[in-house]
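Notes follow once the structure below has been shown.
The values are calculated or read from the model by the stated rules, or taken from the named source; none is laboratory data. Model, not experiment: these values are computed from the prediction. Methodologically, a virtual Cβ is constructed for each residue, glycine included, from the backbone with ideal geometry; neighbour enumeration extends over all protein chains shown. When the accessible area is computed, the model is the full protein with side chains, heavy atoms only, and any ligands, DNA or RNA have been set aside. Shrake-Rupley method; radii C 1.70, N 1.55, O 1.52, S 1.80 Å.
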Amino acid sequence: MNRWLGHRYAKPVGFVLACLPFCWLVWAAFNNQLGANPAEALIRSLGDWTLRFLVLVLAVTPLRVGFGWPALARLRRMVGLFVFFYACMHLLAYAWFDMEFDLPGIVADVVKRPFILVGFLSWLLLLALAATSFNRAIRAMGAQRWQLLHRAVYAIAGLGVLHFFWMRSGKNDFAEVAVYAAIFALLLGWRLWRRLTRISPA
């Protein structure tokens, strides 16, 4: 597996695969394949793909360590930027189709509706991570401060699940929310367990 992950075409192939969900959604929107409420379907699908890529970026380290795939780390930055990309498309679809780019209305909606506020806060954190995801930012900030900032991904995961939970509370449908919460809890629990096992006994 390391041979394939380390291949020079691994990143281009990964990039194309990560773009496929977005391309399909655009095609489906233009061809009336998104059901009776295409705007809602598009907004929610983009949110779903944001969470899925967030799962992938958090799974990189456990897979790399557990299966001995160090070359997998080469793809982590790209996957993380795709989390931000799909989050931006999710926000854009909401601002466009739900709010028709009515900026005062969007601000009022953010203040009034907790699940919109939580989603917007998670997007702001993603913006900070995306803006500092490059080598120049790492050198400017220093490795320790950069790592501290990028631990905000754990807060983003929690906010993302909370955003999804509140969004689904209107329909009292929490099955998918529970799945994402369980996956994130497992991935974060693995990190906590690994950190605790590396602490030497007093």
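Could you look through segment 22-78, keep only residues that are among the β-branched types (V, I, T) and in contact with a helix residue (DSSP H, G or I) (Cβ under 7 Å, 6 or more places away or on another chain), and pick out the one that is nearest to W96 (Cα to Cα)? Break it down into steps so the answer makes sense when it comes.
In the first step, residues of segment 22-78 are kept if they are among the β-branched types (V, I, T); the result is 26, 43, 50, 55, 57, 60-61, 65.
Then drop every residue that is not in contact with a helix residue (DSSP H, G or I) (Cβ under 7 Å, 6 or more places away or on another chain), which leaves 43, 50, 55, 57, 60.
On the way: I43: 10, T50: 18, V55: 27, V57: 28, V60: 33 Å.
It comes out as I43.
Being farther than 23 Å from A93 by Cβ, at pLDDT below 90 and assigned to a helix (DSSP H, G or I) narrows it down to one of R194, R145, R168, so name that one. So that I can check it myself, show each step before the final result.
On the way: R145 fails: at pLDDT below 90; R168 fails: farther than 23 Å from A93 by Cβ.
That would be R194, the only listed residue that is farther than 23 Å from A93 by Cβ, at pLDDT below 90 and assigned to a helix (DSSP H, G or I).
Can you say whether D173 is open to solvent by less than 90 Å² (accessible area, probe 1.4 Å), farther than 20 Å from T61 by Cβ and assigned to a loop (DSSP other than H, G, I, E, B), as far as the supplied structure shows? Can you show your working first?
Values: open to solvent by less than 90 Å² (accessible area, probe 1.4 Å): yes; farther than 20 Å from T61 by Cβ: yes; assigned to a loop (DSSP other than H, G, I, E, B): yes.
Yes; evaluated as a whole, the condition is true for this residue.
Do we have H150 as over 27 Å from W24 (Cα atoms), out of contact with any strand residue (DSSP E or B) (no Cβ under 7 Å at 6 or more places or on another chain) and open to solvent by less than 70 Å² (accessible area, probe 1.4 Å) here?
Spelling it out, H150 is indeed over 27 Å from W24 (Cα atoms), out of contact with any strand residue (DSSP E or B) (no Cβ under 7 Å at 6 or more places or on another chain) and open to solvent by less than 70 Å² (accessible area, probe 1.4 Å).
Show me the helices (runs of 4 or more DSSP H) found entirely inside segment 67-138 where at least 3 residues are under 30 Å from R3 (Cα atoms) and either open to solvent by less than 70 Å² (accessible area, probe 1.4 Å) or in contact (Cβ under 8 Å) with a residue 24 or more places away in the chain (or both). Let's see the steps before the verdict.
Details: elements: 76-93, 103-112, 114-131.
Qualifying helices (runs of 4 or more DSSP H): 76-93.
Residues that are closer than 25 Å to R151 by Cβ and among the polar types (S, T, N, Q): does segment 14-32 have at least one? It would help to see each step written out before you state the result.
Filtering segment 14-32 down to residues closer than 25 Å to R151 by Cβ leaves 14, 18.
From what's left, among the polar types (S, T, N, Q): none.
Looking through segment 14-32, none of the residues is closer than 25 Å to R151 by Cβ and among the polar types (S, T, N, Q).
Could you tell me whether any residue of segment 48-57 is more than 25 Å from E176 (Cβ to Cβ), in contact (Cβ under 8 Å) with a residue 40 or more places away in the chain, open to solvent by 20 Å² or more (accessible area, probe 1.4 Å) and part of a helix (DSSP H, G or I)? Talk me through it step by step, then tell me what you get.
Within segment 48-57, the first condition is being more than 25 Å from E176 (Cβ to Cβ), and the residues that meet it are none.
No - not one qualifying residue is present in segment 48-57.
If you check every pair at least six apart or on different chains, which have Cβ atoms under 6 Å apart with a residue in segment 167-182 that is at positive phi and in contact (Cβ under 8 Å) with a residue 40 or more places away in the chain first and a residue that is exposed (fewer than 10 other Cβ atoms within 10 Å of the Cβ) and part of a helix (DSSP H, G or I) second?
Cβ pairs passing all conditions: none.
Out of I183, I199, I156, report the one residue that is at pLDDT below 90, β-branched (V, I, T) and under 23 Å from V65 (Cβ atoms).
Working: I183 fails: at pLDDT below 90; I156 fails: at pLDDT below 90.
Result: I199 is the single residue among I183, I199, I156 that is at pLDDT below 90, β-branched (V, I, T) and under 23 Å from V65 (Cβ atoms).
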